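Right, one structure below, let's go through it.
The values are calculated or read from the model by the stated rules, or taken from the named source; none is laboratory data. This one's a predicted model, so the numbers in the text were calculated from it and none came from an experiment. We place every Cβ from the backbone using ideal geometry, glycine too, and count neighbours over all the protein chains shown.
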Amino acid sequence: MKRRVLIVDDDAAILEVLEMRLAAMGFDVTATAEAHKAMEFATTRRFDVALLDLRMSPMDGIQLMEALHQRQPRLPVLIMTAHGTIETAVEAVQRGAFDYLTKPFVRDELRAKIRRALAARRWARDRERLLTVGETLASSGVMERILDAVAQAAVETTEAERSVVFQLTAGRLVPMASAGTPPPSWPALEAAASQAIDKGAPTMITGPEGRVIVAAPLVVQRGPVGALVIETPGRVEPTEDDLELLALFSSQAAIAIRNTHELERLRSGALAALGRMATQVAHELKNPLAGLRLYARHLEQRLDRNSDTESADLARKITSSIDHLAAIVSEITAFGRPPELHRAPTALAPLIDECITLAQARCPSEQVEIARTYDAAAPDAMLDARELRKAFLNLILNALEALGGQGCLTVTTQCAADRKSITIALDDDGPGMNEETLSRLFDLFFTTKPEGTGLGMAIARSVVDLHGGELTVQSALGQGTRVRIRLPLGGPPAGAGA
């Protein structure tokens, strides 16, 4: 990838000589004699280094440098000056210039100082991006956030047009994060990612319109789990530095995926043990709760007969609280003893419609719009409708409650191209969740609702997992929440629930 150099000098002869020399060195050169044009160029394109004449009018080199730094703060500037004004050039360095060049130019000095400026700029930029990704990796347990940081860093450090992180899920490449402009051709990026995974090493191919696509595999101990892909503008080839950075970022993305898998494994074991213990506790609570409810109901009836309305109301509140506790015990029991699935050919659209109707009955609101788009080509799937009804109802209720009586919930189904799976998407435009809530969403007994049990999301994921599927949630404050449920259309895959 050619480095872009901006030259500004009001001496036409010097401008022409510098443009020829730097072009011969392999740089992409933009040259102008006017400061205002340099400012226009800096607004529309990024430069790697700028060479500015010190003595210009009406704006001198130092003033132009400061104006350019407002648009491109990390742009290294070399001030060009005659021997008689070196003191002023030193002042320019103190005010933000990288270095200065004396006229007439010595070829080796010109080359060396430009290279040092480029190296310093790249070091500062890459260090900043690596620190950002490293801090994200260390501080966040949310894989999506880490992969977003990796994709953004890959675009900024390699200056590619776009970057996509693919994860290998059930034999399919799924885009998990992206940065830059939308890709004109997803198949080309997927093909590069697939080649990198097959080779187990970075791969470079030429895509549409002369663009170069580079893919680096995301490798963990058990093998490739995805790929980090960048695409450059037409006829621009990545440098060796770009490839090294891509490999480094791909390793960080792989670490994020590996840590997530390890966390899920540990969490599953802990939840299973906690579920068994909770089931035993729930069993011990059932009979006493039933007795308490009987006594409270009996007391309520006696007080009603004696026309003690105020005390009867208190008794009804006791009964209501006992009913709430009984409901929690029932959910704990359901979570602690995962059911055996009874699969049968199931049409998803009517099942989802039924759950929407039930959820609307519980959360009625005329100001909530529910938009539905179902894939008409989707066949019936081998699923347990009774268990999935619990999961869908929980997820739809969560979305409606998050909307707070106003907003839009979009429900869609999309059958995969290979017709082996179907994805159910629930998107709401509610307030969204902060990172802490999102990271604890599936934790047992964690809830943000005053009357919540903290079991709904754990049960929903348990049901989806038993079907051999996958449940993911993406959310951010002010940006709503996106839920994705991927379910196999056929029978259970190897190792999945019966």
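Out of curiosity, is Ala278 surrounded by 13 or more Cβ atoms within 10 Å (Cβ to Cβ), at pLDDT below 70 and farther than 30 Å from Gln167 by Cβ? Break it down into steps so the answer makes sense when it comes.
Numbers: surrounded by 13 or more Cβ atoms within 10 Å (Cβ to Cβ): yes; at pLDDT below 70: yes; farther than 30 Å from Gln167 by Cβ: yes.
In short, yes.
Residue-wise test of (1) in contact with a Phe, Trp or Tyr (Cβ under 9 Å, 6 or more places away or on another chain); (2) farther than 30 Å from Arg211 by Cβ.
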site	(1), (2)
Ile7	no, no
Glu16	no, yes
Ala24	no, no
Lys37	no, no
His69	no, yes
Ile79	yes, yes
(message) With the structure loaded, tell me whether Ala38 is in the same structural domain as Asp9 (by TED's automatic domain parsing), within 30 Å of Glu161 (Cβ to Cβ) and without any contact (Cβ under 8 Å) to a residue 40 or more places away in the chain or whether it fails that test.
(response) yes
(request) Find all pairs meeting these conditions: Cβ atoms under 8 angstrom apart; at least six residues apart or on different chains; first residue within the range 171-182 and surrounded by 20 or more Cβ atoms within 10 Å (Cβ to Cβ) and at pLDDT 80 or above; second residue aliphatic (A, V, I, L, M) and in a strand (DSSP E or B). (result) Leu173/Ala227; Met176/Val165; Ala177/Val164; Ala177/Val165; Ser178/Val164; Ser178/Val165
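This table checks each residue for (1) under 15 Å from Ser250 (Cβ atoms); (2) without any contact (Cβ under 8 Å) to a residue 40 or more places away in the chain; (3) surrounded by 19 or more Cβ atoms within 10 Å (Cβ to Cβ).
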{"site": "Val150", "(1), (2), (3)": "yes, no, yes"}
{"site": "Ala154", "(1), (2), (3)": "yes, no, yes"}
{"site": "Val165", "(1), (2), (3)": "yes, no, yes"}
{"site": "Thr169", "(1), (2), (3)": "no, no, no"}
{"site": "Ala191", "(1), (2), (3)": "no, yes, no"}
{"site": "Gln195", "(1), (2), (3)": "yes, yes, no"}
{"site": "Thr203", "(1), (2), (3)": "yes, yes, yes"}
(request) Take the residues in the range 19-30 that are under 16 Å from Lys103 (Cβ atoms) and either in contact with a Leu (Cβ under 9 Å, 6 or more places away or on another chain) or touching a residue at least 24 places away in the same chain (Cβ under 8 Å) (or both), then tell me which one is surrounded by the fewest Cβ atoms within 10 Å (Cβ to Cβ). (result) Arg21
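Would you confirm whether any residue within the range 78-95 is in the same structural domain as Phe249 (by TED's automatic domain parsing), at pLDDT below 80, part of a helix (DSSP H, G or I) and surrounded by fewer than 14 Cβ atoms within 10 Å (Cβ to Cβ)?
No, there is no match, as no residue in the range 78-95 is in the same structural domain as Phe249 (by TED's automatic domain parsing), at pLDDT below 80, part of a helix (DSSP H, G or I) and surrounded by fewer than 14 Cβ atoms within 10 Å (Cβ to Cβ).
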(request) Could you list, in sequence order, all residues of the range 460-477 that are surrounded by fewer than 20 Cβ atoms within 10 Å (Cβ to Cβ) and over 20 Å from the mean Cα position of the chain (by Cα)? (result) Asp465
(request) From Arg4, Arg45, Arg55, Arg74, grab the single residue that is charged (D, E, K, R), surrounded by fewer than 17 Cβ atoms within 10 Å (Cβ to Cβ), within 25 Å of Gln94 (Cα to Cα) and within 41 Å of the chain's Cα centre (by Cα). (result) Arg74
(request) Could you figure out which of (1) of a type in the set (A, V, I, L, M, F, W, C); (2) at pLDDT below 85; (3) in contact with an Asp or Glu (Cβ under 7 Å, 6 or more places away or on another chain) isn't true of Trp186? (result) (3)
(message) Can you list residue pairs whose Cβ atoms sit under 6 Å apart, with the first residue in the range 4-18 being part of a strand (DSSP E or B) and the second being aromatic (Phe, Trp, Tyr)? Count only pairs 6 or more apart in sequence or on different chains.
(response) Arg4/Phe47; Val5/Phe27; Leu6/Phe47
